[in-house]
Amino acid sequence: MPQRYKATMANNCQRLLLLCSFYFLTSAYTYAQNDAVLSNLQKQFTNYQQGAQEKIYLHVDKSFFTAGEIIWFKAYAVDASTNKPSQLSKVAYVELLDADKKPVLQAKIKLTSGSGTGSFQLPASVHSGNFHVRAYTSWMKNFSPDLYFSQNITIINTLKNLARKPGKDTYKYEIRFFPEGGNLVNGIQSKIGFRVVDKYGKGMDCSGNVQDQNGNSVSTFKTLKFGIGSFSLSPLASNTYTAIVTIGGQTFKQALPIVYNQGYVVNLQQTVNQVSLNVNSSSQYSNVYLLVTSGTDIKLAFAKQLQSGKAVFAVDKTQLADGIAHFTIFNDESQPVCERLYFNKPKQQLVIDAKTAQQEYAERKKITVDVEAKDESSVPQTADMSMSVYRLDSLQHFNETGIAAYLLLNSDLRGTIEQPDYYFTNNDAVSNEALDNLMLTHGWSRYNWDDIKQNKTAALEYLPEYEGHIVTARITNKKTGQPAENIVAYLSAPGKTFKFAIAKSKANGIVQFNVIDFIGGDAIILQTNQLQDSIYRIDIINPFSEKYSSSQITGLNVSEDMQNLLVQHSINTQVQNAYYSEKYKQFYAPDVDTLPFYGRPSASYLLDDYTRFTTMEEVLREYVPEVAVRRHRDDYLLKIADSSNNIYFDDNPLVLADGVPFFNMDTVISFNPLKIRKMDVVAKKYYLGANIFYGIVNYTTYNGDLDGIQLDPASLVLEYQGMQLQREFYTPKYDTPKEVNSRLPDFRDVLQWLPNIKTEEATGKTQASFYTSDVPGSYAVVLQGLTASGRAGSKTIYITVK
């Protein structure tokens, strides 16, 4: 071989080695850069989340009510990431809001293992209209009010004029267009979702075409389901586009979003097992990054380099969580440029079967419902369930959102979703396309990427109520009006089973009392130790959220032909209240610990068992050896005998009357012993949080109402309700001929409300029963349920009463 050929080959090999080295070095640098970008994005996202989030689903017994009726509901609180019953919060807040978003009724509901029940008695003064029932926890108040549960209900008061103020209906139809991924980009074909609704938020069928500025038709479209559809368009930045929309024979024009010269477009495609996200960009060879998030968790992260402006991300469906996944595309500067939502149909399901012996029943007959709960593989499940049975007519129709649809769909989407259960009960080509259109038109993130990129975190102003209700107040200096720090404050809810809590104020003057098992109650008393801190003022802070979602309550739509039906509903309610009002006033307290905060006392004295003296000093001196009465100058002192060391403490004990602390022992000695039923003594040093008490003396009056004992004038006394007492649902029984033939009318249109149904662990089965009333018609039997593993499900069957 000639020497010059050998030299040429050697040079070529050397060049090849240099090129390979450069390629591997460049690739290594690129991979390292990609890893750094993805790692930083994931870190920013995780920091932003600030821990767990919750969701609440409220099963409301029905959606149409008349004044005087009772609204029954059950709250299911879950971890937002897993849908498992939440162990974080022990209190749910439920409100009835009017069209102006003003609260009409409010309640705090005790949660046990993520569930709790309650009710609202609608007053006779309530006005007619559409309302929102909303629910949330204290922890949820740290986040957007759009995350609160909300359901529309209608209330009619036939004793008031149904005429209403003109609403804020400024349009007949709302027509909106949503480019896939976010924007239209010059020369890149895009899928565009659209949604058409009337002024009541109901989807409207329509068809139309898209024209450019010259009147040329460039695309056509037609709704598929619920006023929603999609079409394709290859836009040019030099053009403007207008949609010509035909709705019920009327034509409307609506401008499409502007077309950008540069940007990114995504298109989601799916097969049986895979989701592909196709990225197209005016930038030819830059890097793009994909984060796939579900709720508060990052599920997947990828990096790709655009080749001729294109990149494809392929994701196995098994890697996605059930429900909505957010696909977010980032550019080389780590800026979010596109977002696309995808709904991954649930792999885990709660399948509820329910059946009755027959479909038709006579009046005043017993009906038994056989209920069975199982998973997607027919394995029996223990489920926490609730059941409502109510009559259907043109006023009260079935439009309920099931718990699975809410937790997996509604709670992560913006705006009203019409018939959300449709997407769960159907699995054909039309319903799947309709579901994807829904993702195009209702997209919404639980987070703001601008905030994430700026390393902002959610402002966690509210604590989770992990043990019980937290009563929040603010302490200020009466003279300066400034917040007071490190001031010890005392909260009391008087009663036979009183509640007592102590807390110290923070730098901003906020003081938070953790009141465990605070049920019922009419008033609370807040005070500082006036012997030490007499210059401070305490103001209570509203525990209910004062933030409201952007959703609007639509105007009332009642036609003239419904008047007779409205009157009949009202008569039924009035008859039931006239004959059975006392039955609807049966309450009971949820399971709570009735022991006082100090547990079992060292000694307890029922004063009626002893000689009755006329002064408290005589009582203490004669038969309460644990308490010594002393005088220092002109003031009384009380000393508790330390049972463990056989000495008397130097300091006064904590003295309570019906749970209210008294710091002046002269006042204690002035108590009338004839009004005291019982006295407990804790004869040892007692620690409550960071506070130390040298013994405790607790006086209890006969009714737990202080019975004339005068409070310190500086005490703040105000009406305040703890968690709601449970109202018993009343249903008559017709087991005997006498009961069946009773002349008492039975005009119930809610035949049963069972908020606490549990299926058996071994079989997944249980039974529920009720009796028909004197009101014939078609009735819906609605069951909602949740398992400890986060499986959610619903079932509705129908019966007829003749």
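The values are calculated or read from the model by the stated rules, or taken from the named source; none is laboratory data. As the structure is a prediction and not an experimental result, all values here were calculated from the model. Ideal geometry is used to build each Cβ from the backbone, glycine not excepted, and the neighbour counts take in all protein chains shown. The accessibility values were calculated without ligands, DNA or RNA, using every heavy atom of the protein model including side chains. Shrake-Rupley method; radii C 1.70, N 1.55, O 1.52, S 1.80 Å.
Overview of results
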read-out	value
Selected residue [open to solvent by 30 Å² or more (accessible area, probe 1.4 Å), more than 30 Å from ILE156 (Cβ to Cβ), touching a residue at least 60 places away in the same chain (Cβ under 8 Å) and polar (S, T, N, Q)] from SER551, SER534	SER534
Filter result for the condition that a residue is exposed (fewer than 14 other Cβ atoms within 10 Å of the Cβ) and at pLDDT 85 or above, over ALA503, ALA578	ALA578
Members of region 87-113 found to be free of Cβ contacts under 8 Å to residues at least 60 places away in the same chain and open to solvent by less than 10 Å² (accessible area, probe 1.4 Å), listed by number	ALA92, VAL94, LEU96, LEU111
Test: residue in region 457-478 that is modelled with pLDDT of 90 or more, closer than 14 Å to ASP533 by Cβ and buried (at least 22 other Cβ atoms within 10 Å of the Cβ)	yes
From the options SER238, SER217, SER234, SER230, residue that is within 39 Å of the chain's Cα centre (by Cα), of a type in the set (S, T, N, Q) and closer than 17 Å to GLN189 by Cβ	SER230
In region 423-447, the residues that are in contact (Cβ under 8 Å) with a residue 24 or more places away in the chain and over 22 Å from GLN269 (Cα atoms)	ARG446, TYR447
Selection within region 399-413 - within 21 Å of VAL369 (Cβ to Cβ) and touching a Phe, Trp or Tyr at 6+ places or on another chain (Cβ under 9 Å)	GLY402, ILE403, ALA404
Subset of region 734-785 [among the acidic types (Asp, Glu) and open to solvent by less than 60 Å² (accessible area, probe 1.4 Å)]	ASP746, ASP749, ASP774
Filter pass, LEU58 being part of a strand (DSSP E or B), of a type outside the set (Gly, Ala, Ser), at pLDDT 80 or above and open to solvent by less than 80 Å² (accessible area, probe 1.4 Å)	yes
Restricting region 696-718 to residues that are of a type in the set (Asp, Glu) and more than 18 Å from ALA501 (Cβ to Cβ), the residue that is most open to solvent (accessible area, probe 1.4 Å)	ASP705
Listing of strands (runs of 3 or more DSSP E) fully contained in region 610-697 that carry 2 or more residues being farther than 26 Å from ALA714 by Cβ and touching a helix residue (DSSP H, G or I) at 6+ places or on another chain (Cβ under 9 Å)	627-632, 676-688
Residue check for LYS304: basic (Lys, Arg), in contact with a strand residue (DSSP E or B) (Cβ under 7 Å, 6 or more places away or on another chain) and either under 30 Å from VAL197 (Cβ atoms) or without any contact (Cβ under 8 Å) to a residue 40 or more places away in the chain (or both)	yes
Single match in LYS222, LYS202 (criterion: modelled with pLDDT under 95, exposed (fewer than 15 other Cβ atoms within 10 Å of the Cβ) and either among the basic types (Lys, Arg) or touching a strand residue (DSSP E or B) at 6+ places or on another chain (Cβ under 7 Å) (or both))	LYS202
Given (1) touching a Lys or Arg at 6+ places or on another chain (Cβ under 6 Å); (2) modelled with pLDDT of 90 or more; (3) not β-branched (Val, Ile, Thr), index of the condition PRO590 fails	(2)
Boolean, THR328 is of a type in the set (S, T, N, Q), in contact (Cβ under 8 Å) with a residue 40 or more places away in the chain and assigned to a strand (DSSP E or B)	yes
In region 605-651, the residues that are in contact (Cβ under 8 Å) with a residue 60 or more places away in the chain and open to solvent by 80 Å² or more (accessible area, probe 1.4 Å)	ASP608, THR614
Matching residues, region 70-86, being open to solvent by 20 Å² or more (accessible area, probe 1.4 Å), touching a strand residue (DSSP E or B) at 6+ places or on another chain (Cβ under 8 Å) and either assigned to a loop (DSSP other than H, G, I, E, B) or free of Cβ contacts under 8 Å to residues at least 24 places away in the same chain (or both)	SER81, LYS84
Cβ pairs under 7 Å, 6+ apart, first in region 662-685 and under 22 Å from ASN703 (Cβ atoms) and without any contact (Cβ under 8 Å) to a residue 60 or more places away in the chain, second open to solvent by 10 Å² or more (accessible area, probe 1.4 Å) and hydrophobic (A, V, I, L, M, F, W, C)	VAL668/PHE662; PHE671/ILE709
Cβ pairs under 9 Å, 6+ apart, first in region 172-199 and on the phi > 0 side of the Ramachandran plot, second acidic (Asp, Glu) and assigned to a strand (DSSP E or B)	GLY181/GLU339; GLY182/GLU339
Count - residues of region 625-668 that are of a type in the set (Gly, Ala, Ser), on the phi > 0 side of the Ramachandran plot and out of contact with any Ser or Thr (no Cβ under 6 Å at 6 or more places or on another chain)	0
Only one of PHE398, PHE424 that is under 30 Å from VAL312 (Cα atoms), open to solvent by 30 Å² or more (accessible area, probe 1.4 Å) and not aliphatic (A, V, I, L, M)	PHE424
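Here is a yes/no grid of residues against (1) open to solvent by 40 Å² or more (accessible area, probe 1.4 Å); (2) touching a His at 6+ places or on another chain (Cβ under 9 Å); (3) within 24 Å of LEU595 (Cα to Cα):
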site: GLN482; (1), (2), (3): yes, no, no
site: ILE487; (1), (2), (3): no, no, no
site: LYS496; (1), (2), (3): yes, no, yes
site: ILE516; (1), (2), (3): yes, yes, yes
